[in-house]
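Beneath this line is the structure, given in structure tokens, with notes to follow.
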Amino acid sequence: MDFPRVAALAAKNGSNIMIIGACVVELCLPSVRSLKEKRGQLRSLLTRLRKEFNLAVSEIGHNDVWQSAQIAIVAVSNEKSVVEKVLRRAILWTEKHRPDLDVVDVEIQWL
């Protein structure tokens, strides 16, 4: 069943729905020279995203590659627009405040 039908059924029945948005982000870390340095940069980014936007975040790919990373950012709400807005704000914040990281690709998945 697709999202609009689920939302319509939930609204009709008066039940609560939970919208989960998972954003997979590909990053390039051009100035990194070691895995230790990469971990430090990612740790500070992930901590800041958790605190700033109240999101669940984790490194999910490219773990042993120095200059690239794949992270997941997850948000939950009862409205799709709220989840999408918060995920997009987190990406924009990363692009603006972390010039040492390049956002290469972003994909939002709905669960």
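Among the listed pairs 38/96; 38/80; 36/85, give every one whose C-alpha distance is greater than 25 Å. Could the numbers behind the result be given before it?
Details: 38/96 19 Å; 38/80 33 Å; 36/85 32 Å.
Among 38/96; 38/80; 36/85, the Cα-Cα distance tops 25 Å for 38/80; 36/85.
What are the residues whose amide H is under 5 Å from the amide H of residue 68, where those residues sit 5 or more places off or on another chain and H is modelled from the backbone?
The list, which skips near neighbours in sequence, is 29.
Between residue 34 and residue 85, what is the label-point separation in nm under the 7 Å Cα-to-beta-carbon projection?
In this crude label model, residue 85 to residue 34 measures out at 4.4 nm.
Of the residues 45, 35, 87, which exhibits the maximal mean-square fluctuation in a Gaussian network model of the chain defined by a 10 Å Cα contact cut-off?
Among 45, 35, 87, the largest mean-square fluctuation in the Gaussian network model of the chain belongs to 35.
Among (1) 69; (2) 143; (3) 91, find the value of volume of the Cα convex hull per residue in Å³ that was calculated from the structure presented, and write down its label.
Calculated volume of the Cα convex hull per residue in Å³: the matching label is (3).
Residue by residue through the range 33-45, what is 3J(HN,Hα) from phi via Karplus (6.51 cos²θ - 1.76 cosθ + 1.60, θ = phi - 60°)? Round to whole Hz and write x for glycine and proline.
So the Karplus estimates, Gly and Pro as x, are 10, 7, 5, 4, 5, 4, 4, x, 5, 5, 4, 5, 5 Hz.
Values quoted throughout were computed directly from the atomic coordinates according to the rules given, and no laboratory measurement underlies them. What you see is a predicted model; the values in this text were computed from it and never measured. A quick note on method: Cβ atoms are made from the backbone with ideal geometry, for glycine too, and the neighbour counts reach across all protein chains shown.
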